[in-house]
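Participant: Can you read through this structure? Questions will come right after.
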Amino acid sequence: MLLPATAHAGKKRSKPKRRGGQAEVLAGASACLPGPGDCKDDSLGKTAPSVGMAFDIGYRAHPGFFIGAGYQVGWFNPTWSLEDDQPEFSNAYQQGIFGVLRGYWSLWRFDIGFELAPGWSRQTFVRSEGDTRHYSQGFALRPGLSLDIFVSRHVFLGAKADVIFNLHRQICERTGNDTICEGGLDIRQARVHQLIGGVHVGGVF
């Protein structure tokens, strides 16, 4: 008489938890996407891929809906050169904070997530000589797509890709303590979009 009840309790304990607090990490590659700025020039170089990551935390109020906040950072590998073949930039990166709104379509232990995250980001290109940085900052939009499987009741593992659309209006140049910001500042590499994709790990608690 106890066997059916025991089997039912075991099945309930193994069922994925899809409601409660949720934290997750994305780690992988970061790539440049053309926007107001250019990602490459056949003769001068390109803004090559590098690595990126993101961290989100929030609340899964319903099995099909997550709301939270996130931080993202992605690096570039700039290979742009000047006319004398000297490297123009030593480093480039973008970081941002976002309000995360995500819907899920669930099947068995799988979750497919569709995300729209508005926020703020700052993109910086560090010149190889001197103390000069070119940067833009302002509103950004981060749509994303994820595919995860619950490997236990609380923990999921999968893959995720985010695109950070850079909607900044100004480009600034800072040298030491001096900063110049102009809407038409001619820095062709700045204000590019960014793709971050890789392994997605998280848990619901």
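Participant: Starting from the stretch 58-83, take each residue that is of a type in the set (Gly, Ala, Ser) and list its partners that are surrounded by fewer than 14 Cβ atoms within 10 Å (Cβ to Cβ), counting only C-beta distances under 7 angstrom and pairs at least six apart or across chains.
Facilitator: Partner pairs satisfying both residue conditions: Gly64/Gly103.
Participant: Could you grab me the full set of residues in the stretch 45-54 that are open to solvent by less than 90 Å² (accessible area, probe 1.4 Å) and either free of Cβ contacts under 8 Å to residues at least 60 places away in the same chain or touching a Cys at 6+ places or on another chain (Cβ under 7 Å) (or both)? Spell out how you get there, then give the answer.
Facilitator: First pass over the stretch 45-54, keeping only residues open to solvent by less than 90 Å² (accessible area, probe 1.4 Å): 45, 47-54.
Within the stretch 45-54, Gly45, Thr47, Ala48, Pro49, Ser50, Val51 qualify.
Participant: One residue is enough: does the stretch 48-57 have a residue meeting the conditions over 25 Å from His168 (Cβ atoms) and in a strand (DSSP E or B)?
Facilitator: So far as the stretch 48-57 goes, yes, one or more of its residues are over 25 Å from His168 (Cβ atoms) and in a strand (DSSP E or B).
Participant: I would also like to ask the following. Consider the stretch 123-170. How many of its residues are open to solvent by less than 10 Å² (accessible area, probe 1.4 Å) and hydroxyl-bearing (Ser, Thr, Tyr)?
Facilitator: Selection size over the stretch 123-170: 3.
Residues are listed down the side, and each one gets a yes or a no for (1) assigned to a loop (DSSP other than H, G, I, E, B); (2) of a type outside the set (A, V, I, L, M); (3) in contact with a strand residue (DSSP E or B) (Cβ under 9 Å, 6 or more places away or on another chain); (4) open to solvent by 50 Å² or more (accessible area, probe 1.4 Å):
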| position | (1), (2), (3), (4) |
| --- | --- |
| Ile67 | no, no, yes, yes |
| Tyr71 | no, yes, yes, yes |
| Asn77 | no, yes, yes, yes |
| Ser90 | no, yes, yes, yes |
| Glu115 | no, yes, yes, no |
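Participant: Now for a separate question. How many of the residues in the stretch 171-189 are among the β-branched types (Val, Ile, Thr), open to solvent by less than 50 Å² (accessible area, probe 1.4 Å) and in contact (Cβ under 8 Å) with a residue 40 or more places away in the chain?
Facilitator: Residues flagged as among the β-branched types (Val, Ile, Thr), open to solvent by less than 50 Å² (accessible area, probe 1.4 Å) and in contact (Cβ under 8 Å) with a residue 40 or more places away in the chain within the stretch 171-189 amount to 1.
Participant: Let me ask something else. Does Arg153 count as touching a helix residue (DSSP H, G or I) at 6+ places or on another chain (Cβ under 9 Å), more than 18 Å from Gly74 (Cα to Cα) and not hydroxyl-bearing (Ser, Thr, Tyr)?
Facilitator: Spelling it out, Arg153 is indeed touching a helix residue (DSSP H, G or I) at 6+ places or on another chain (Cβ under 9 Å), more than 18 Å from Gly74 (Cα to Cα) and not hydroxyl-bearing (Ser, Thr, Tyr).
Participant: Check the stretch 142-155 and report whether any residue there is outside any loop (DSSP other than H, G, I, E, B), within 18 Å of Pro36 (Cα to Cα) and in contact (Cβ under 8 Å) with a residue 24 or more places away in the chain.
Facilitator: yes
Participant: What's the number of the condition Ala190 fails, among (1) within 16 Å of Met53 (Cα to Cα); (2) outside any strand (DSSP E or B)?
Facilitator: Condition not satisfied by Ala190: (1).
A quick yes/no check of all residues on (1) polar (S, T, N, Q); (2) touching a Phe, Trp or Tyr at 6+ places or on another chain (Cβ under 7 Å); (3) surrounded by 15 or more Cβ atoms within 10 Å (Cβ to Cβ):
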position	(1), (2), (3)
Asp38	no, no, yes
Ser43	yes, no, no
Asp56	no, no, yes
His62	no, no, no
Leu82	no, no, no
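Participant: Among the residues in the stretch 124-131, are any under 26 Å from Asp85 (Cα atoms), modelled with pLDDT under 95, of a type in the set (S, T, N, Q) and in contact with a Phe, Trp or Tyr (Cβ under 9 Å, 6 or more places away or on another chain)?
Facilitator: Among the residues of the stretch 124-131, at least one is under 26 Å from Asp85 (Cα atoms), modelled with pLDDT under 95, of a type in the set (S, T, N, Q) and in contact with a Phe, Trp or Tyr (Cβ under 9 Å, 6 or more places away or on another chain), which makes the answer yes.
Participant: Next question. Could you list, in sequence order, all residues of the stretch 123-141 that are in contact with a Gly (Cβ under 7 Å, 6 or more places away or on another chain) and not in a loop (DSSP other than H, G, I, E, B)?
Facilitator: Within the stretch 123-141, Ala140 is the sole residue that qualifies.
Participant: Taking the stretch 1-16 on its own, how many of its residues are modelled with pLDDT of 90 or more and open to solvent by less than 50 Å² (accessible area, probe 1.4 Å)?
Facilitator: Of the residues in that region, 1 qualify.
The values are calculated or read from the model by the stated rules, or taken from the named source; none is laboratory data. Bear in mind the structure is a predicted one, so any value in this text is a computation, not a measurement. With ideal geometry, Cβ positions are generated from the backbone for all residues, glycine too; neighbour counts draw on all protein chains shown. The protein model used for the area step is the full one, side chains on, heavy atoms only, and it has no ligands, DNA or RNA in it. Shrake-Rupley method; radii C 1.70, N 1.55, O 1.52, S 1.80 Å.
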